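Reviewing the structure listed below.
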Amino acid sequence: MLKNRQSRLKRFFEEYALQAVLFTDLKNIRYLCGFSGTEGVLLVAQNQSWFLCDSRYTAQAAEEVKNAEIMECGAVRIDTIAALASENGLKRIGFEAAHTTVSAFRRMSEKLSGVELVEIGTALDDIRICKDHTEIEQLSLVATLSSLSLAAVLENIKPGVREIDIAQALEFEMRRRGADGKAFDFIVASGERGAMPHGKASDKIIEPGDLITIDFGALKNGYHSDETVTVACGKPQIRAQEIHSIVRIAHDLAIQAVKPGINCKDLDEVARSHIRDSGYGDYFGHGLGHGLGLEIHEMPTLSPRSTAVLEEGMVVTIEPGIYIPGFGGVRIEDTVVVTGDGCTVLTSADKQLLIL
Ligand code: ZN
Ligand code: ZN
């Protein structure tokens with residue numbers, strides 16, 4: 001599998017006329033050779049790869065790294081890279097400009113004097129955009145774990161509980177079910193705070209009648225889940241019920257429209273036009289969704305400005321919302337994998353308006 005991923009780099013070697021690529025982004029390194037630690041670089045040449053780390057990580061690398069020779073480096077790692085370049089005749093090496101500091105670049109330019117360094121841009125994002133079978137399995141596993149954790153927490157939400165209590169209980173349930181941690185700082189936004197699309201859990205107390213938006217996800221084996229429900233604590237106002245229903249229909253329509261070949265901006269429009277036609281167009285300010293995988297936000301982006309087209313194997317969120325300042329808000333989010341003729345929804349919490 002990892003060999004297959006590395007071999008997909010071949011076309012970039014050709015496109016950029018490279019003899020090797022130096023990877024410094026840890027997510028890309030994990031994707032290509034399996035290393036999950038927090039320090040190391042991967043040099044991939046046409047027919048050989050080297051993973052370079054310091055002595056703190058050699059034992060972990062020996063366990064995890066596949067399809068790359070592990071090399072322990074001292075303080076000056078660039079010397080090892082320079083030696084590898086000269087021994088293997090690597091004259092043009094690609095590097096990840098977005099994951100290289102200016103000082104690291106200066107050091108590389110100085111030490112790799114006979115080597116031409118070439119920015120490879122987002123080449124690997126384009127490879128990672130479609131998930132392989134193993135990744136879809138991981139994403140499905142973490143989504144299920146996360147949805148089940150929410151179900152355990154919802155039972156205990158009642159007036160008097162703080163938003164932060166809900167967030168902490170959710171993380172506890174996820175870890176109890178085997179998660180390595182949370183995918184991001186959960187959003188728990190109740191009552192008027194629901195008008196903030198990114199309202200992190202605060203010490204606000206849940207009041208009777210509040211809508212509560214809970215945006216949550218778990219992290220396991222490097223993969224993230226992402227899901228949002230908006231529930232009510234006691235009977236919500238008529239207007240709250242109305243906006244929940246509009247958002248849910250927008251969400252359902254968009255999920256029904258997911259299939260290979262659809263433009264991401266057209267998919268965004270499916271949800272957006274429903275919200276607009278319902279009179280709330282001004283209150284849905286963000287894009288419809290985003291890809292996710294080893295990172296919580298990956299390509300493609302689903303928004304009115306997106307130029308991407310959905311393909312089989314892409315995993316994206318569908319998360320329309322309505323946010324009304326001074327009143328509150330609703331967001332409903334699921335993660336789906338694009339299949340040959342539609343999609344499969346990976347997250348499974350109930351999206352009806354649940355009244356607790
Ligand atoms: Zn989310
Ligand atoms: Zn999301």
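Listed values, structure above:
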{"quantity": "Options Gly329, Gly279; residue that is assigned to a strand (DSSP E or B) and within 27 Å of Gln241 (Cα to Cα)", "calculated": "Gly329"}
{"quantity": "Condition broken by Ser109, with the remaining ones in (1) buried (at least 17 other Cβ atoms within 10 Å of the Cβ); (2) not assigned by TED's automatic domain parsing to the domain that holds Thr228 satisfied", "calculated": "(1)"}
{"quantity": "Filtered residues of segment 84-106 (kept if exposed (fewer than 12 other Cβ atoms within 10 Å of the Cβ) and either over 30 Å from Asn221 (Cβ atoms) or outside the structural domain of Phe12 (by TED's automatic domain parsing) (or both))", "calculated": "Glu87, Gly89, Val102, Ser103, Arg106"}
{"quantity": "The listed residue being within 30 Å of Gln138 (Cα to Cα), in contact with a Cys (Cβ under 6 Å, 6 or more places away or on another chain) and not aromatic (Phe, Trp, Tyr), out of Val188, Val258", "calculated": "Val258"}
{"quantity": "Yes/no for Glu173 being in the same structural domain as Pro159 (by TED's automatic domain parsing) and part of a loop (DSSP other than H, G, I, E, B)", "calculated": "no"}
{"quantity": "Candidates Thr335, Thr344, filtered to the one that is over 17 Å from the mean Cα position of the chain (by Cα) and either in the same structural domain as Ala183 (by TED's automatic domain parsing) or modelled with pLDDT of 95 or more (or both)", "calculated": "Thr344"}
{"quantity": "Verdict on Ile212 being β-branched (Val, Ile, Thr) and within 16 Å of ligand 2 (Cβ to nearest atom)", "calculated": "no"}
{"quantity": "Residue within segment 273-284 that is without any contact (Cβ under 8 Å) to a residue 40 or more places away in the chain, within 22 Å of Leu211 (Cβ to Cβ) and within 16 Å of ligand 1 (Cβ to nearest atom) present", "calculated": "yes"}
{"quantity": "Number of the exception - Gly291 against (1) more than 30 Å from Leu32 (Cα to Cα); (2) touching a residue at least 60 places away in the same chain (Cβ under 8 Å)", "calculated": "(1)"}
{"quantity": "Residue check, Ala254 farther than 19 Å from Glu312 by Cβ, within 16 Å of ligand 1 (Cβ to nearest atom) and either assigned to a helix (DSSP H, G or I) or more than 27 Å from the chain's Cα centre (by Cα) (or both)", "calculated": "no"}
{"quantity": "All positions within segment 168-190 that are under 20 Å from Leu354 (Cβ atoms) and away from ligand 2 (no atom under 16 Å from the Cβ)", "calculated": "Ala169, Glu173, Met174, Ser190"}
{"quantity": "Residue check for Thr339: surrounded by fewer than 21 Cβ atoms within 10 Å (Cβ to Cβ), closer than 25 Å to Leu145 by Cα and of a type in the set (Val, Ile, Thr)", "calculated": "yes"}
{"quantity": "Selection count where residues are basic (Lys, Arg), under 27 Å from Arg239 (Cα atoms) and surrounded by fewer than 16 Cβ atoms within 10 Å (Cβ to Cβ), scope segment 158-201", "calculated": "1"}
{"quantity": "Residue match in segment 13-26 (condition: surrounded by 14 or more Cβ atoms within 10 Å (Cβ to Cβ) and either without any contact (Cβ under 8 Å) to a residue 24 or more places away in the chain or farther than 27 Å from Glu298 by Cβ (or both))", "calculated": "yes"}
{"quantity": "Single unsatisfied condition, Ile249 versus (1) within 16 Å of ligand 1 (Cβ to nearest atom); (2) touching a His at 6+ places or on another chain (Cβ under 7 Å)", "calculated": "(1)"}
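The values are calculated or read from the model by the stated rules, or taken from the named source; none is laboratory data. Owing to the predicted nature of the structure, the values given are computational and were not obtained by experimental measurement. Backbone-built Cβ (ideal geometry, glycine too); neighbour counts: all protein chains shown.
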